[in-house]
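The values are calculated or read from the model by the stated rules, or taken from the named source; none is laboratory data. What you see is a predicted model, and the numbers here were worked out from it, not measured in a lab. All Cβ positions, even for glycine, are placed from backbone atoms using ideal geometry, and neighbour counts span all protein chains on display.
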Amino acid sequence: MASKRKLIVSREPNGRPQRAVGEDREYPPAKIKRLRDAAMRRMEDPQWGTELGRLSLQKVITDEQYEAGKWWSKLAAQFHAAIEAFPVRSASVEFGRGGAKPDPDSPEGQRIAKREANQAEDFFAAHAILVQSGCETVVRRLCEQDEGPCGMGELLSVRRGLSVLADHRGLTNQRKANVISAR
């Protein structure tokens, strides 16, 4: 019976196998954290600062899905601002909150009210599409709360939900082809 050949590994003086050097070595967790923190400070690509951007830069989602996610984030933020539903804050002093909106009967107030009503309609239409896809929860967690998908099932849901939003927004070729063929 032939004996198994043992791999010849260079060893340290204490007998342990020598640690990997150069490209074989993994990035240390501290370096990964520093790079991510640098991105949040806009010293690197700012997309690394969000979970949605990270998924896009790692090519886990397409560019259309990324744009749809950014659009949903902006739309949800505008809707929450219009209904004055702000996140829970601490009891600390808030600067810049002393002003009031213009009177709704004034021309400026009517213009603001009309803009906010249009934004709310856009939000409701996109929200209905997202709810019908069955992916509302994971997409809202990713885009609004910056929480990444947990597991392959949630990742597939995120992809499906962002694709539905991209199609609704007209970012995909499928929607463009439907508009052209309808003419």
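Quick notes
- Residue list for the range 130-143, filter: in a helix (DSSP H, G or I) and surrounded by fewer than 16 Cβ atoms within 10 Å (Cβ to Cβ): VAL131, GLN132, THR137
- Residue match in the range 40-63 (condition: aliphatic (A, V, I, L, M), modelled with pLDDT under 80 and surrounded by 12 or more Cβ atoms within 10 Å (Cβ to Cβ)): yes
- For the range 103-119, taking the residues that are surrounded by 13 or more Cβ atoms within 10 Å (Cβ to Cβ) and not small (Gly, Ala, Ser), the one that is nearest to ALA82 (Cα to Cα) is identified as GLU116.
- Sub-8 Å Cβ pairs linking a first residue in the range 117-142 that is without any contact (Cβ under 8 Å) to a residue 40 or more places away in the chain and on the phi < 0 side of the Ramachandran plot to a second residue that is outside any helix (DSSP H, G or I) and not aromatic (Phe, Trp, Tyr), at least 6 apart or interchain, are VAL138/PRO149; ARG141/GLU147, ordered by first then second residue.
- Residue, surrounded by the most Cβ atoms within 10 Å (Cβ to Cβ), within the range 1-34, restricted to residues that are in a helix (DSSP H, G or I) and either modelled with pLDDT under 80 or among the polar types (S, T, N, Q) (or both): ASP24
- Qualifying residues in the range 143-157 (those that are within 21 Å of ASP122 (Cβ to Cβ) and in contact (Cβ under 8 Å) with a residue 24 or more places away in the chain) - the one nearest to the chain's Cα centre (by Cα): CYS143
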